Structure formats: C-alpha cells, structure tokens
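Below: the structure, in structure tokens.
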Amino acid sequence: MKINPDKSKAVGFTRARVKERLTYYLGGQLIPEVNSFKYLGIIIRSDLSWADHVNYTLRKAWKALHLIMRILRQGNNNTKRLAYTSLVRPILEYGAVCWDPYRDWQVSALNRVQRRAAKFANHSDESGWETLAQRRLVARLCALYKAYTRSPSWKAIGNSLLKPYHLSRGDHSWKVRSRKHRTDVGKYSFVNRTIKDWNSLPAGTLASFPRKLNTFRKRVRDAVTSK
C-alpha cells in the first residue's frame, strides 16, 4: 500500500511544554503538524478532548434530521421513527464507545436531537424511547465484555485488565481492578470509565459468564433501563 504524503498529517500527543516541534517527512516531503485530524470518521485532538468530534456529530445529525423532517412532513409516526433510527441515530452513536461524553453540555446537546426527533414522530417527548446515554453505556459495557473475553480485536485491551487485590462481600467475581488517574482524560477514557460501570453491574447480569454477546447485551440493557 502506498501512502500519499499530501493526505497525511502529524499530531503530537503530550502534556509537556514543547519548545521545539518535531518535523516529520514522508518520501522527502514535509508532513504538516495539526492539532486535530479525522481518522476513520472520528476527530481526534492532540489534547485528547472530544469537543471537536461532538460538535461535528451534532452538525451532521441535525442536518440529517432536518432533511427527514422536510421529506416526511406528511408521513406517519412509524415511518418518521424508522427514519430517525435508521439515518440519524447511527450518526449520534458512531464510535461513541470511545468518545461517550461526560460533560453535561455535550450530553444535553446530543439529547436535544433525539427529543426533537421524538416530538416530530410522536408529537410528544421521548418517553418510551431508550435514551442515548443508556445506549452508549450498553455499547461500552459490550465492548469491555469483548476485551474481558479476549475477543481477537480487543485482546490487547483485555490483556491490560487485572483482577482486583481483594473482593468485598458485595462484589461479583468478575470484578476488574480500577485505576486511579489525576486527569479527566484518564478518568473518563473508555476503559477506565467502563471498569467502574462493569464493577457495579448486578451479579445476576454476569451469571453463567461468559456467554454469547447477544445474551450479555440483552441482560445489560435490562439492567441499565431498570435503573
């Protein structure tokens, strides 16, 4: 595979104060350094903030929703809901396992899209709909399940998961050792954030573990939506 230098960018990830920037060359051509770039549809920033990607996702989702609202203005409620779940919600959830926001304004901004879609489809609020936060939580737990069970694509993460030093009476036997971090970037990263959610799952959700992913997803969804 030949790499095109004209389509390549360099991004440095560090918390240190860099006095002299490193320069990168590919085939004798200088690769420009940027603060953010899109990789497989996900915008990654040098400070590991997801603000740019959340804003990009919101713009794209609103554009798709407004298009549906214009085309299906006279459609029935089932058609409107199907259009939202097929064309808009996947935009709001693409790659959300890694960028699931924890800041209130980002969560609220994403929720407004679904609330507007629910009002368009049902002429009411989104009651009865699974919230976006719940869906992102289920997706994160299923991803950690793949890592825990050493699924081929997630084996590297799975190998970093450690057993706790001890288990208390209320802990389930599949608990993962939590990690301490001084920054929000580390605290709210996918693995570290999801470990806390994994450890708080009811023991019954993980009973007869491991099991098929679809069965695990159903039990996790039941546990999440029942809270």
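The values are calculated or read from the model by the stated rules, or taken from the named source; none is laboratory data. Note that the structure is predicted; figures quoted are calculated from it, not measured. Methodologically, a virtual Cβ is constructed for each residue, glycine included, from the backbone with ideal geometry; neighbour enumeration extends over all protein chains shown.
Observations on the model:
- The residues in the range 184-205 that are without any contact (Cβ under 8 Å) to a residue 60 or more places away in the chain and loosely packed, with under 14 Cβ neighbours inside 10 Å can be counted, and the count is 5.
- Scope the range 104-145; condition polar (S, T, N, Q), crowded, with 17+ Cβ neighbours inside 10 Å and under 16 Å from the mean Cα position of the chain (by Cα); matching residues: Gln106
- The set of residues in the range 145-171 that are at negative phi and touching a Gly at 6+ places or on another chain (Cβ under 9 Å) comprises Lys146, Ala147, Tyr148, Thr149, Ser151.
- Of all residues in the range 45-61 being over 16 Å from Asn35 (Cβ atoms) and either without any contact (Cβ under 8 Å) to a residue 12 or more places away in the chain or not β-branched (Val, Ile, Thr) (or both), the one that is surrounded by the fewest Cβ atoms within 10 Å (Cβ to Cβ): Arg59
- Residue selected from the range 208-227 under the condition part of a helix (DSSP H, G or I) and without any contact (Cβ under 8 Å) to a residue 40 or more places away in the chain, by the criterion surrounded by the fewest Cβ atoms within 10 Å (Cβ to Cβ): Asn214
- Considering the range 55-75, the residues that are out of contact with any helix residue (DSSP H, G or I) (no Cβ under 9 Å at 6 or more places or on another chain) and not basic (Lys, Arg) include one that is nearest to Ala118 (Cα to Cα), namely His66.
- Candidates Ala64, Ala83: the one that is outside the structural domain of Arg140 (by the TED database), surrounded by 10 or more Cβ atoms within 10 Å (Cβ to Cβ) and in contact (Cβ under 8 Å) with a residue 24 or more places away in the chain is Ala64.
- Listed by position, the helices (runs of 4 or more DSSP H) inside the range 76-156 whose residues that are modelled with pLDDT under 95 number at least 1 are 77-83, 96-99, 104-122, 132-148.
- Among (1) buried (at least 16 other Cβ atoms within 10 Å of the Cβ); (2) not in a loop (DSSP other than H, G, I, E, B) - the single one Trp174 does not satisfy: (2)
- Candidates Pro90, Pro152, filtered to the one that is out of contact with any Ser or Thr (no Cβ under 7 Å at 6 or more places or on another chain), under 23 Å from Trp198 (Cβ atoms) and surrounded by fewer than 14 Cβ atoms within 10 Å (Cβ to Cβ): Pro152
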